[in-house]
1. Between residue 29 and residue 251, how many nm apart are label points set 7 Å from Cα along the C-beta direction?
2. What full-extension length gain, to one decimal in nm, is calculated for residue 150 and residue 263 as 0.36 nm per residue of separation minus the Cα-Cα distance?
3. Assuming 0.36 nm per residue, please report the length gained on full extension of the stretch residue 65 to residue 174 beyond their Cα-Cα distance.
């Protein structure tokens with residue numbers, strides 16, 4: 001992997017780490033030993049280091065020194081001529097050989113351990129390198145995922161803002177709809193009330209129309225009667241003007257407690273003559289009649305009711321007489337009042 005630095009743990013105070021992650025390397029400068037994490041990440045395995053190299057070097061030095069001694073002993077043995085010297089040489093050579101052999105065995109064991117440590121270290125390095133590569137890939141993926149997550153968060157945040165705006169608009173629309181419903185409900189109630197009033201007005205208009213129709217019929221009948229009366233009056237007027245009956249009468253008052261007016265009536269209804277005739281057989285009741293007449297006269301004279309009336313004809317087809325009657329039965333006032341017929345306008349409509 002290009003341009004990648006691999007770092008391992010180290011310590012200058014502790015001789016060995018307590019635990020390492022699987023395939024994780026670490027070096028102790030106190031024990032000069034290289035360690036790697038156990039497969040279950042609960043411990044550390046010693047796989048090499050300067051202490052192993054020093055042990056191997058020391059073993060090689062001892063083996064080499066033993067070999068020098070062995071060579072010298074072998075040379076001495078070859079040069080010796082006597083049995084004693086030969087025996088000593090052999091013993092010495094054998095001892096040197098044994099030591100050399102032992103040293104070689106130790107050196108071989110050290111080499112094997114060093115080689116095993118190197119293989120283990122290589123495997124540990126490979127695993128560490130693979131772990132680092134995996135970590136790099138994981139980091140890249142995590143970084144990419146983080147970028148995607150940031151973009152997703154930004155989009156989600158924008159979506160949330162849009163959703164909030166939509167919610168606010170929906171809430172506002174709901175409030176507006178509620179207000180519109182309330183207004184529509186009020187308008188409906190008003191329309192119902194208007195319909196009821198319009199219906200009532202229509203009923204009243206119909207009743208008014210019926211009354212107006214009845215009044216019109218009555219007015220027509222009254223007009224017909226008035227017209228007939230006018231015709232009759234005209235005939236009477238014509239008859240009166242054409243009647244030349246001679247009237248023999250003197251203006252004055254006729255009839256009293258002792259006299260009875262004798263009237264002669266012409267065919268046209270006019271009085272042609274009038275005279276006073278004494279009442280016969282009333283001498284016994286004359287005083288009673290006089291007394292009664294005087295009392296009536298006194299009563300009439302003591303009644304000071306003010307009479308505001310003009311002699312004339314009251315009441316016709318268009319006027320109604322309004323009469324005020326005093327306590328004594330006399331008319332104290334009389335006037336003509338026009339008959340009012342209120343015009344009614346009938347309008348169409350539906351209900």
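Just so it is clear, none of the values below were taken in a lab; they were calculated from the coordinates. Owing to the predicted nature of the structure, the values given are computational and were not obtained by experimental measurement. Because the Cβ atoms are built from the backbone with ideal geometry, glycine has one as well, and the counts that use them run over all protein chains shown.
1. 17.0
2. Net length gain for the segment: 27.1 nm.
3. Between residue 65 and residue 174, full extension yields 28.9 nm more.
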